Amino acid sequence: MGLLGNISKYIYGVNMNYFIKNPLVSVRIITYQHICYIKKCIESAIKQSTNFSYEICIGDDGSTDGTYEICYEYSIKYPELITLYRWGRDCKERENLPVSRYNFLNSISKCRGKYIAFLDGDDYWTNPHKLQTQVDILEKNNNISLVTHNAVLLSDDKKNGKVLGCKAESGIIPANSVIRRENGVIQTSTMVVRRDVLEDVSGLLRIAPAVDYCLNLLSLMSGKIYHIDQEMSIKRKHAGSLSGQDKDMQWYIDYHQAFMSSLNIFNEQTNNKYIEDLKVFRQKTDVQFLKRLIRSGFSKNLLNNRKYIFKILLRINIITYIKLLIMYIKLKYFPESVTI
């Protein structure tokens with residue numbers, strides 16, 4: 001039994017007896033403390049206009065702000081469409097997984113569609129034909145494993161309107177461009193993927209800290225990624241979202257370590273096929289990490305993780321090393337002159 005079949009304990013669902021028999025698509029929504037956003041999210045999924053059947057699977061992380069109650073009301077109102085699951089935050093079956101990742105994996109395991117569309121509980125779709133457009137491409141092209149589009153940023157800091165996603169014309173995105181992230185970050189809530197892509201025997205989904213990038217890598221392992229150059233969703237950034245939270249330096253160190261481990265797994269699974277692209281992306285990620293470390297002032301983080309940081313320094317080229325050293329000196333002695 002695969003990964004997705006082993007994580008179904010310690011959950012309970014609502015409306016499990018009303019399943020649509022053969023949904024072509026499963027819309028997977030995960031949510032936690034999204035009381036201000038979840039209605040718009042669910043409504044945007046309900047209002048999709050399609051010529052195929054689809055289901056909506058909602059996984060709640062154990063919200064206490066009223067999010068779960070709103071989801072429950074929708075599951076009662078649309079019993080033939082929505083199935084709601086709730087995972088306890090103290091669940092002993094999490095196997096050291098973060099609650100959000102446990103919810104992610106469990107929610108996928110409950111999806112029955114040939115394709116899975118991702119939608120986070122604080123985001124929403126803006127085009128009622130989004131699903132139809134993406135699924136049409138997947139149905140006509142067996143070599144395509146993931147279809148994505150652009151999103152528009154809606155942020156608490158009022159930096160709204162920025163277009164997020166792949167900065168490219170509609171069509172297949174070259175694999176090296178995806179791996180190097182040369183054209184931007186593909187947002188999770190824009191993705192529709194073949195379900196078999198997620199039968200992840202490598203364990204990548206369990207350890208990769210960046211779900212969006214992990215889904216890109218898994219898709220490349222079984223096919224191609226197609227981009228639609230059109231904005232069809234909203235990506236929210238707020239104080240409660242991961243992108244809007246303040247994080248200490250140890251969080252970034254742990255994140256970087258997990259990220260590098262996920263790249264190594266992908267490289268092994270693809271037999272070094274993309275090793276040169278991974279080298280380029282790894283160095284770019286290393287430099288971003290070191291810049292953040294410099295900005296933090298090193299202190300205790302450097303001492304506790306000096307072996308790991310030294311290992312990173314050995315990977316970067318001498319010119320980049322000198323640039324970082326100059327940046328550190330400027331920040332220490334002439335902070336007003338530094339822009340990072």
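We did not get these values from a lab; they are worked out from the coordinates using the rules stated. In this text the structure is predicted, and so the values were computed from the model without any measurement. Positions of Cβ are generated from backbone atoms using ideal geometry, with glycine treated the same way; all protein chains shown enter the neighbour counts.
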Taking the Cα centroid of segment 171-234 and of segment 110-159, what is the distance between the two, rounded to the nearest whole Å? 11 Å
If each of TYR308 and TRP251 carries a label point 7 Å out from its Cα toward its Cβ, how far apart are those two points in nm? 1.5 nm
Please report the orientation-averaged projected area of segment 45-188, defined via the convex hull of its C-alpha atoms, in nm². 11.1 nm²
Run through segment 138-184 and list the GluC sites (Glu not before Pro) located in a DSSP loop whose Cβ has at most 16 other Cβ atoms within 10 Å. GLU169
For CYS36 and THR320, calculate 0.36 nm times their separation in residues minus their Cα-Cα distance, and state this gained length in nm to one decimal. 97.8 nm
With 0.36 nm assigned to each residue of separation and the Cα-Cα distance removed, LYS332 to ASP212 gains 39.7 nm
For labels at LYS140 and SER53 in the simple 7 Å Cα→Cβ model, what's the distance in nm? 2.6 nm
For segment 129-164, which trypsin sites (Lys or Arg not before Pro) are in a loop by DSSP, counting at most 12 other Cβ atoms within 10 Å? LYS158, LYS159, LYS162
With label points built 7 Å along Cα→Cβ from the Cα atoms of ASP65 and GLU80, find their separation and express it in nm. 3.4 nm
Cα-Cα over 31 Å: which of LYS114/LYS167; LYS162/LYS311; LYS40/LYS279? LYS162/LYS311; LYS40/LYS279
